[in-house]
1. I need two numbers for region 105-286: Rg to one decimal and Dmax as a whole number, Cα atoms only, in Å.
2. When only alpha-carbon atoms count, how far does the chain stretch along each of its three principal axes, as whole angstroms with the largest first?
3. Hey, can you grab everything whose amide H is under 5 Å from the amide H of residue 146? Only 5+ residues off in sequence or another chain; H modelled, so Pro and N-termini drop out.
4. Report the longest stretch of the chain that contains none of the trypsin sites (Lys or Arg not before Pro) sitting in a DSSP loop with at most 11 other Cβ atoms within 10 Å.
5. Between 53, 260, 86, which gets the highest mean-square fluctuation from a Gaussian network model of the chain, Cα cutoff 10 Å?
6. Can you list residues whose amide H is under 5 Å from residue 275's amide H, if they're 5+ apart or on another chain and H is modeled 1.01 Å from N?
7. Mind checking the dipole of the chain: about its Cα centre, +1 per Lys or Arg Cβ, -1 per Asp or Glu Cβ, Debye to the nearest 20?
8. Please list, or write none, the aspartates and glutamates whose alpha carbon is within less than 13 Å of the alpha carbon of residue 5, excluding same-chain residues fewer than 8 places away.
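Just so it is clear, none of the values below were taken in a lab; they were calculated from the coordinates. Because the structure is predicted, anything quoted here is derived from the model rather than measured. Glycine also receives a Cβ, built like all others from the backbone with ideal geometry; neighbour counts cover every protein chain displayed.
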Amino acid sequence: MNDIKRYWLGFNLVKGIGPVRLKSLLTVFGDAKTAWLASAEQLQEAGLSLKLANRLLKVRQNVSLEKLWQRIQAQDINLLTWEDEAYPDRLREIHRSPPLLYLRGEFQLEDEWAVAIVGTRHFTSYGQQVTERVAGSLARNGVTIVSGLARGIDGVAHRAALEAGGRTLAVLGSGVDITYPPEHRALAQDIIEQGALISNYPLGTPPDGSNFPPRNRIISGLSKAVLVIEAGQRSGALITANYAVEQGREVFATPGNIFAPKSKGCNQLIKKGAHPLLDAQDVLELLDMTQIAEQKAARKVLPSNPTEAKLFQALGLESMHVDDISSQVNLPVEEVSSTLALMELKGMVRKVTGMKYMAVQEVQANYGLDDERSNDD
């Protein structure tokens, strides 16, 4: 797998080959290594323009993937691709999810309970108080706080989560080997210890302004909801909120003085339908996250009685209706429903819509089950 990941690194260096083109190449060639080593003619036959095929060949000629891989290992950086089971499920679900993620730190299963907190770089004391209170309370309730490590509300949210003993993820608009702003170096190191620094940009990428909107898209993609705390009418936080809406996430905004410039963006979001953010409990209740502690505790009592094992074996990563599950495992619907409810509390399965359930991918991996086995029973 590590050998294959080197070729994902290569494609990440080729400007113009994003999620759509890479997915097409993987479909044609079967894997990243074969696609990376293809000739210009083969690449054109696979759909790349001559200009883009030549650009890939030039990168291939000038870059040593072996040296790049050694550099990544030396800096203790983790890589996740679409092919990795540890790639976050929620991010995987969004349109054009990033093919490759660089991490300093690691994702954990509990990061599925994640909420983004974003806002202005030039916050007021009101914005700081709201951020510290909400981020700290959510973190104490087991919610992972996601933000962008920027000056202002981002930094306050990360620090509040850490001080509450919680986890926090920082998505960067630069390579993970570059800390921006530089005054957040100590904060970044603390985040590595209790979460992760994340980027889809190659090592050495500077924090260019054009990198931040795509970064914001990943922030919302990792999260169940986006909380905007103080934002002017042109704030980058509003870009994150827009991505959240596109991705089907909930959006909360802190109400503010109608005359205050830094509250105009939040007030407009509320006017357009965002939930007013008055208290962390509002978020927990709306997102049905009031029992996170119970779910984490239940996960430690890992299966399984024979009924749970049978149901989990039957489920895959495609949702199934309770009636279909009952028929497949030859158990009464009532028994299947009650067992699935407990399995959902344990975090083994996820209720999708109505009476449909699907397995949680990370738990499948822990039990040595894959999608093929669970659907071919």
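1. In order Rg, Dmax, the Cα atoms of region 105-286 give 14.7, 43 Å.
2. 61, 58, 37
3. Distant-sequence amide H within range of residue 146: 115, 116, 117, 169.
4. On the way: sites that count: 15, 234, 272.
The reported range is 16-233.
5. The residue with the greatest mean-square fluctuation here is 260.
6. It is 251, 252, 253, by chain and number.
7. Details: 41 positive and 44 negative charges, 373 e Å.
With only Lys, Arg, Asp and Glu charged at Cβ, the dipole is about 1800 debye.
8. Residue 5 reaches 31, 66, 83, 84.
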